[in-house]
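Structure, as structure tokens:
The values are calculated or read from the model by the stated rules, or taken from the named source; none is laboratory data. No experiment lies behind these values; they were computed from the predicted model shown. Please note: Cβ atoms are built from the backbone with ideal geometry, for glycine as well, and neighbour counts cover all protein chains shown.
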Amino acid sequence: MPTPFPLEPTIAQKGDWLIAATLGSLVQGVFNSDSGRLSDSAEFKTMAYKMPRRGNGFGYASPILPRLIAQILRENKTLIPAPPAALEKIAAIMARGKGFCHVWENSATGLVYTINHSFDVSTLAEFVEVLIEIAGEKALLPTATEAAAAAPPVGTEAGK
């Protein structure tokens, strides 16, 4: 699907750091402190509040990401196999998002995963409602076997 933003997936390594980003300039921003640090931005500080300060994995999605996902869903309704009304509900949920931040630590004693996101608990009920709507819509569609049984035999006209 077309994306409404520039996309240059980039993976880079510097020392023990492995960085994956949507743009090369974002990787440079992680390695160069000239343009300011990610941890200095207000959006990051909001998402990283009370997060563990150590771990061997870290992820961050800016507030722009959920809005872009909403835009992609709205602009590509004909390409996504789901009812348009359900896609609009998902897009509306995503448009309210403000990104996320997560940290994980994998050690000999186990895995600890912590995530901060901006969705309210009530959002889960909205997602379940949309999934039920999509499942109900899919249940109304005939299966391939049912469609084949209902089709007239090859070489005959329908209704005769």
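Is there any pair with a first residue in the range 118-134 that is more than 19 Å from ALA82 (Cβ to Cβ) and at pLDDT below 85 and a second that is part of a loop (DSSP other than H, G, I, E, B) and among the charged types (D, E, K, R) whose Cβ atoms are under 6 Å apart and which are 6 or more apart or on different chains, and what are they?
What qualifies is SER118/LYS98.
Looking only at the range 37-90, filter to residues that are more than 17 Å from the chain's Cα centre (by Cα) and among the acidic types (Asp, Glu); which one of those is modelled with the highest pLDDT?
GLU43
So which helices (runs of 4 or more DSSP H) are wholly in the range 26-102 and hold at least 2 residues that are over 21 Å from THR10 (Cβ atoms) and without any contact (Cβ under 8 Å) to a residue 12 or more places away in the chain?
In the range 26-102, the matching helices (runs of 4 or more DSSP H) lie at 42-47.
Table: residues versus (1) within 29 Å of GLU129 (Cβ to Cβ); (2) touching a Ser or Thr at 6+ places or on another chain (Cβ under 9 Å).
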residue	(1), (2)
TRP17	no, no
LEU26	no, yes
PHE31	no, no
GLY55	no, yes
THR78	yes, no
ALA92	yes, no
LYS98	yes, yes
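Any chance you could count how many residues in the range 113-132 are surrounded by 14 or more Cβ atoms within 10 Å (Cβ to Cβ) and either in a strand (DSSP E or B) or among the polar types (S, T, N, Q) (or both)?
4
Test of understanding: among GLY110, GLY97, which residue is under 16 Å from the mean Cα position of the chain (by Cα), modelled with pLDDT of 85 or more and either loosely packed, with under 11 Cβ neighbours inside 10 Å or under 30 Å from LYS138 (Cα atoms) (or both)?
Working: GLY110 fails: under 16 Å from the mean Cα position of the chain (by Cα).
One residue alone meets the criteria, GLY97.
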